[in-house]
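Right, one structure below, let's go through it.
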Amino acid sequence: MAWNSEITFMEVLKKLFEQHFHLPVDSVQPLQGQLGGSGRRIIRLSSETTTAIGILYDVREENVAFLEFSRHFRRHGLPVPEIYAEDLAHGAYLEEDFGGTTLFEFLSEHRDRAAIAPEAVAAYRRVVAILPRFQVEAGLDLNYKVCYPRASFDRQSIAWDLNYFKYYFLRLAGILFNEQALERDFSRLTKFLLSADRDYFLYRDFQSRNIMLRPVLGEDQPFFLDYQGGRKGALQYDIASLLYDAKADLPPDLRQQLLDHYLDTLAGFINLDRGLFMRFYYAYVYVRIMQAMGAYGFRGFYERKEHFLQSVPYALKNLRWLLHNVELPIPLPTLMDAFKNIVASEKLQALGSTAEKTEKLTVRVFSFSFHRGLPQDDTGNGGGFVFDGRSLPNPGREERFKALTGKDAPVVDYLDRQESVHQFLASAIALVDASVSTYQARGFKHLMVSFGCTGGQHRSVYLAEHLANHLRARRNDGVEVVVRHREQPQLNQAQAQDHEQAQARLLEQGKAQ
């Protein structure tokens, strides 16, 4: 399926929304941060009274799997999205909106490095307690015929993951290995993994970015997404995926506490032999880490999407812990040597230290028109502040300003004389300043701030420029400011030409004050 324009894409989702809710779509918001590596396009559609998430993806088999799994899980009372409408001919469907807070974001907001707040621990405990219901209860009568690309986590599935790791991580990271010896280890590992009981639903991508949290009766309850790659498999894989989710960086003692809670809950569903479960557990931890590292290598080294490489240092940390604390029940000498070479690699270590020491916090400031939807966030963070400037006096209503923008002196002078504009800016700047300080303290790399108005020409441009000037004048300590006037591309070109002079002038003004 090929799409000729963004308008075509939006119209399909709008039609589904309006047919289901019998309401017009008032706004659309691309949620690029939720794309990950899948290639799906995710859009939030809103009316005055309701919202929904629209998906467009051109792999029919995967869409069918997600839709059937969703309906099946809801029949079992599991917290997954309701499917409102679908148009598989165009690869589109409409689902329930669970809000914008992932478990990963909730964890990031409730931790101070290794110290994780009780609220986040409680959220994780709720998540692991629900997992057996997917695996055992709902997995018992699931239609595995719709699974894509495989009906089970079988020899072929494992081979794909191991080769993904070998060719896209080991090769591209420059890790030397004896290929024939490594293949013998892969064969031994595969045989061992397949000897575990594999008669359960394997979620496949059970990690913190695929779990949403929203308040229900005063508690942050989990809701689950992205199980379209699910298939029949072993119980160990999914809990390993969650607890060794690289960037979540859970401390070892918390991982053990959550594993124990999972096993206690699982024992209520099956006759659990804990010793037998643990015999296979760390082999599944390793294979999940290899699958993830293959993805980091493919998206990062091969496709040059650098933000995927930010997970590598955390994966190295997990490997280092496993090498020091775990001994598998089968010998895998070549694979273990490869892991040791990975954690000792100066190239991979520098990948982490360079990101930690030299990356600045980039604040991207946008102006835009609400008529064309919100600006897209392509950093993987899901957006940021959106300020609505339509309540402010509008220069565009006066003929003398119609051909000008919020950077032109007459418009600037007009808005400078409006008390409501100064109050608006003061409030926005206070919020952004607080977030900049917090983001720097936590090592975050991206913050997005968007100012919207009716046409994206006067008020939003003025507001965006003033915030950018404030940040440049007051924060030269590791903050990079990027301005984009979405509806006024010529302003972006002009800004690129005089950026250095303007920044120097503003810094001097800040020192003088």
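Just so it is clear, none of the values below were taken in a lab; they were calculated from the coordinates. Everything numeric in this text was worked out from a predicted model, so none of it was measured. Note: ideal-geometry Cβ built from the backbone for every residue, glycine included; neighbour counts use all protein chains shown.
One table, with the values for the structure above:
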| read-out | value |
| --- | --- |
| Equivalent ellipsoid semi-axes, the stretch 6-95, via Cα gyration tensor eigenvalues times 5, rooted, Å | 20, 16, 13 |
| Charged-residue dipole, Cβ positions (Lys, Arg, Asp, Glu), the stretch 138-209 about Cα centre, Debye nearest 20 | 140 debye |
| Residue (of Y144, Y296, V59) at the positive-pole extreme of the chain, dipole from beta-carbon charges | Y296 |
| Rg(Cα)/(2.2 N^0.38 Å) for the stretch 294-435, N = residue count | 1.73 |
| Exposed-loop-free span, longest in the chain, where trypsin sites (Lys or Arg not before Pro) count as exposed if DSSP calls them loop and at most 13 other C-beta atoms lie within 10 Å | 114-303 |
| Fewest-first ranking of S369, S195, using other Cβ atoms within 10 Å as the exposure measure | S195, S369 |
| Equivalent ellipsoid semi-axes, the stretch 74-202, via Cα gyration tensor eigenvalues times 5, rooted, Å | 32, 25, 18 |
| Kirkwood hydrodynamic radius (C-alpha pairs) into Stokes-Einstein, the stretch 1-154, 10 °C and 1.306 mPa s, D in µm²/s | 91 µm²/s |
| Flagged links, alpha-carbon separation over 22 Å, of K247/K347; K340/K445; K191/K317; K14/K145; K305/K347; K247/K445 | K340/K445; K191/K317; K14/K145 |
| Equivalent ellipsoid semi-axes - Cα gyration tensor, the stretch 103-356, angstrom | 28, 23, 17 |
| Positive-pole candidate from Y84, A283, V12, dipole of the chain, charges at beta carbon | A283 |
| DSSP-defined beta bridges in the chain - what % are antiparallel, rounded to 5 | 60 percent |
| The stretch 103-356 - percent relative contact order, Cα under 8 Å, separation 6 or more | 26 percent |
| From the coordinates shown, semi-axes √(5λ) of the Cα gyration tensor in Å corresponds to which of (i) 45, 28, 21; (ii) 76, 33, 20; (iii) 39, 26, 23 | (i) |
| Size of charge dipole - the chain - debye, nearest 20, with Cβ of Lys, Arg +1 and Asp, Glu -1, no other charges | 880 debye |
